[in-house]
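The values are calculated or read from the model by the stated rules, or taken from the named source; none is laboratory data. Given the structure is predicted, the values throughout are model-derived calculations rather than measurements. Don't worry about glycine lacking a Cβ; one is built from the backbone with ideal geometry, like all the others, and counts go over all protein chains shown. With ligands, DNA and RNA removed, areas are computed over all heavy atoms of the protein, side chains included. Shrake-Rupley method; radii C 1.70, N 1.55, O 1.52, S 1.80 Å.
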Amino acid sequence: ALTNSRCPQEWVSILETGLKGAAEPNRVCKPAVRNPTKLSSVPPVPAAVSLRLRCRNAFRLRLGWVVGWRSDSGAALLACSLGVGCKVMAAAEPDATSCSADDGSCSFTKNQTSGFDYSRVLAVSKQVGLHFADVPGFTRSVYSNNYALLAPESRVFVPQPGWKGAFTAHVVSPAMGAHFSMFFADLVGNSSIPPPAAGLERFVFVLDGVLEIEQLGTLIGGNKATLYGDDYVYQPPGDTHQLVSSTGAGLIVFEREYSIKAARKPVYQTGTTEARPLIPVDPEMFGLRKLLPSAPEYDFNIHVMDFYPGQFLYTKEMHWNQHGLVLLTGQGIYRLGNDWHPVQSGDAIWMAPYVPQWFAALGAHPSEIARYILYKDLSTSTLT
């Protein structure tokens, strides 16, 4: 793919990475740093090095192939699609539990504020459907009148109107019956996101990379101006902050019309997941963190829930609240209605009111936590 110019962007030397013979000399896609760690700080050969190469076309149709390559001096995961635009991400190799050249999860991107690695959510192999190559047309994705499961192979990334340097894949929207939207955003660098439209509120969760918050072109003060993996920002209706990323970032975004008519309004805020307290949930088994205040002026909340393998929801839930969910790490079984679905990191789920729902975490090792992020209604009228 390198020699036939499928990646005709800027070329830089690859000799320092120990990938001699992997491509023509001095020809490899230009590194795109999605982390404040500079590439120059990467341990030199013979330390193991990981590369992730992603070549995409202008409309983010994740078509093409993935090749895993490994040697004593380094490792590489190469993926190319039709069109132009390439990235390489490199760093000291993560441990075996979070990096695999076979499934595309290798990445130098590391969360700055927690030990959780969300690189599998937007991993290359999940985008191109490599694991389904011998079963054409097969997908785990399902859409019904009261729930939807969108597996990574079904995502369609397109340019987001009004957003610069951003491609989005909407997985929940009012078109399916939801009263909120949930989507993945891939910021490719030199990116900017305008404030929410009039009457809308927005919650942004950072998967990887660096996201900065600006107002009137100046970095704001307060508790955070720069967000990394596991950080988040809530923008209430009327907020005037814009979000920018010079080096790129992966995001999960929730948006909806603000629905409460009250004198007291929700406020702009940022935070990090691990700084939020664990909330007792007896007799449930999971760990629960709420990222927004439980206050009457907030019409939704965002929960982060952790399950060790073997743990499950004690309550077989049926309720009026709608949910939007993304599995961030791990795997398990999700019951939706009368259907039972194997799920993995990167899967997105919409749950309509009163659909039966239940989850159990699976894993080969006790430390393999299944973590998901969950949108939950708080104050939608039960009479509508």
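A few comments on the model shown:
- Any hit, segment 313-326, residues being touching a Lys or Arg at 6+ places or on another chain (Cβ under 7 Å) and among the small types (Gly, Ala, Ser): no
- Scanning segment 254-273 for residues that are touching a strand residue (DSSP E or B) at 6+ places or on another chain (Cβ under 8 Å) and either over 26 Å from Thr226 (Cβ atoms) or not in a loop (DSSP other than H, G, I, E, B) (or both) gives Phe254, Glu255, Arg256, Glu257, Tyr258, Gln269, Thr270, Gly271, Thr272, Thr273.
- Val206 vs. criteria crowded, with 22+ Cβ neighbours inside 10 Å and either touching a strand residue (DSSP E or B) at 6+ places or on another chain (Cβ under 9 Å) or among the aromatic types (Phe, Trp, Tyr) (or both): yes
- Members of segment 339-359 found to be out of contact with any Lys or Arg (no Cβ under 9 Å at 6 or more places or on another chain), touching a residue at least 40 places away in the same chain (Cβ under 8 Å) and farther than 17 Å from Asn321 by Cα, listed by number: Asp339
- Filtering segment 249-289 to residues that are of a type in the set (Val, Ile, Thr) and open to solvent by less than 20 Å² (accessible area, probe 1.4 Å) leaves Ile252, Val253, Thr270, Thr273.
- Tally of residues being part of a loop (DSSP other than H, G, I, E, B) and either closer than 15 Å to Tyr118 by Cα or open to solvent by less than 10 Å² (accessible area, probe 1.4 Å) (or both) across segment 237-248: 1
- Filtered residues of segment 163-194 (kept if at pLDDT 95 or above, in a loop (DSSP other than H, G, I, E, B) and open to solvent by 20 Å² or more (accessible area, probe 1.4 Å)): Trp163, Ser173, Pro194
- Residue check for Trp358: part of a loop (DSSP other than H, G, I, E, B), over 17 Å from Tyr143 (Cα atoms) and aromatic (Phe, Trp, Tyr): no
- Residue selected from segment 290-323 under the condition open to solvent by 40 Å² or more (accessible area, probe 1.4 Å) and part of a strand (DSSP E or B), by the criterion nearest to Tyr375 (Cα to Cα): Lys290
- Matching entry among Ala225, Ala197 (being open to solvent by 10 Å² or more (accessible area, probe 1.4 Å) and within 21 Å of Thr272 (Cα to Cα)): Ala225
- Of all residues in segment 324-383 being of a type in the set (Gly, Ala, Ser) and open to solvent by 60 Å² or more (accessible area, probe 1.4 Å), the one that is nearest to Val253 (Cα to Cα): Ser367
- Count of residues meeting criterion [among the aromatic types (Phe, Trp, Tyr), more than 20 Å from Ala178 (Cα to Cα) and under 22 Å from the mean Cα position of the chain (by Cα)] in segment 302-339: 2
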